[in-house]
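What follows is a set of notes on a single structure, which appears directly below.
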Amino acid sequence: MPLIIVRNDITKMACDAIVNTANSSLLGGGGVDGAIHRAAGPGLLAECRTLGGCETGQAKITGGYDLPAKYVIHTVGPIWNGGGHGEAQLLRSCYAESLRLAEENHCQSVAFPMISTGVYGYPKDEAFRIAADTIEDFLRFHEMAVYLVVFGRDSLMVSQERFADIQQFIDDNYVDEHSDDQLERRRRVQGSMMCNAMPVIPPQEPKKKAKKPLLGGIFASQDEAAAPSLPVCEEAEAGLEEALSQIDESFSQMLLRKIDELGMTDVQCYKKANIDRKLFSKIRSDVHYRPKKATVIAFAVALELDLDETKDMLMKAGFALSHSSKFDIIVEYFIARGNYNVFEINEALFSFDQSLIGQ
Ligand code: APR
């Protein structure tokens, strides 16, 4: 099962367990602690009184009382003190100990707030990295839906530098829907003229290596539509043959072929893609399975495909990367830089209010 990042109030999460960012007395407080005790009612405090407190980095479990969740796992995060006092280790332990208790109590789903990032002052981007890495390690060997709940207008605060770099990449590449439609119309006209005459290539087009048109002159991306093609009819016939051979392989066939070629196991692939086991077995058992675009991209990232192979896999599922989609541009940003860390990509997508891959 995957790590799922959601914007919500943790007291509303109907998971088997929710995690409380408590203090060592376990007798309530503000922030998440206050919200959970208010929503759970007096029964929660009465049970907490019997626990004898909790050490920083440790966790204890109680019933959920009036909450939608069955259990509350109380953990005490480290107070940020500059980073040189074992804070990272203690924060990692909060997530690991809470996951261990959830596993021991047969929870199939658990929701975490961003531990220590409120009153305790832990920098959000570092805290997110620790949360994602610890949860990812756990999910390599366990099946559980783990939610990371970000509250209100909070963001995950990708580092300012990366945020600015991605914003610049979006500004350089983003085209609004309208101009993209014009390009799309030009592409269709050029595509239909493909067998009759050399398409007119606007002089300002940069020199690009010739691209083969797919069947019927359709291109996988607008860059390919702009690239000059070689003399037409034999090119179109060759392109037709190659396109027909490409069309023989479906998305799921290409996925399974690439898993074999890379020597990965199915489990390694779908966990790295942050995709759950059930969805993967549907894809494996149906050669014509029609995935969501985010699912295709999750696997392209897990297989560490380059941009052309990613476009090819998308095309086999009936999609293309588009520069009128911020989601696509952010994914292209990471693939172009060879960064295939699903959690870093999702952190960036979340920070730009985009849907996430693999969920
Ligand atoms: N749902 C989800 N997240 C929330 C909610 C909520 N209802 N309320 C706050 N948050 C977010 C905060 O924005 C912050 O990012 O949870 C994160 C953790 O904030 P805190 O609750 O302040 O927890 P922490 O920083 O670990 O401090 C714990 O605060 O309330 C006291 O008794 C508690 O002493 C303990 C300390």
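The values are calculated or read from the model by the stated rules, or taken from the named source; none is laboratory data. Keep in mind it's a predicted model, so treat the numbers as computed, not measured. Positions of Cβ are backbone-derived with ideal geometry, glycine not excepted, and every protein chain shown enters the neighbour counts. For the accessible areas, the whole protein counts, side chains as well, though only heavy atoms, and no ligand, DNA or RNA atoms are used. Shrake-Rupley method; radii C 1.70, N 1.55, O 1.52, S 1.80 Å.
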task = Name every residue in segment 307-350 that is part of a helix (DSSP H, G or I) and among the charged types (D, E, K, R), in order of residue number.
result = Asp308, Glu309, Lys311, Asp312, Lys316, Lys326, Asp328, Glu332, Glu344, Glu347
request  = Please give the number of the condition Asp33 fails out of (1) open to solvent by less than 40 Å² (accessible area, probe 1.4 Å); (2) touching a Gly at 6+ places or on another chain (Cβ under 8 Å).
outcome  = (2)
query = Counting only residues that are out of contact with any Gly (no Cβ under 9 Å at 6 or more places or on another chain), small (Gly, Ala, Ser) and under 24 Å from Asn339 (Cβ atoms), how many does segment 254-286 have?
reply = 1
query = Tally time: how many residues in segment 105-153 are in a strand (DSSP E or B) and open to solvent by less than 30 Å² (accessible area, probe 1.4 Å)?
reply = 9
note = Here the qualifying pairs (Cβ atoms under 8 Å; residues six or more apart or on different chains; first in segment 107-130 and more than 24 Å from Glu161 (Cα to Cα); second of a type in the set (Ser, Thr, Tyr) and more than 9 Å from the ligand (Cβ to nearest atom)) come out as Cys107/Tyr71; Ser109/Tyr147; Val110/Ser98; Val110/Tyr147; Ala111/Tyr147; Phe112/Tyr95; Phe112/Ser98; Phe112/Tyr147
request  = Check Arg100 against each of (1) farther than 28 Å from Val267 by Cβ; (2) open to solvent by 50 Å² or more (accessible area, probe 1.4 Å) and name the one condition it does not meet.
outcome  = (1)
request  = Go over the candidates Pro2, Pro78 one by one and state the one that is modelled with pLDDT under 95, buried (at least 17 other Cβ atoms within 10 Å of the Cβ) and not aliphatic (A, V, I, L, M).
outcome  = Pro2
query = Do we have Ala17 as at negative phi, touching a strand residue (DSSP E or B) at 6+ places or on another chain (Cβ under 7 Å), more than 8 Å from the ligand (Cβ to nearest atom) and open to solvent by less than 50 Å² (accessible area, probe 1.4 Å) here?
reply = yes
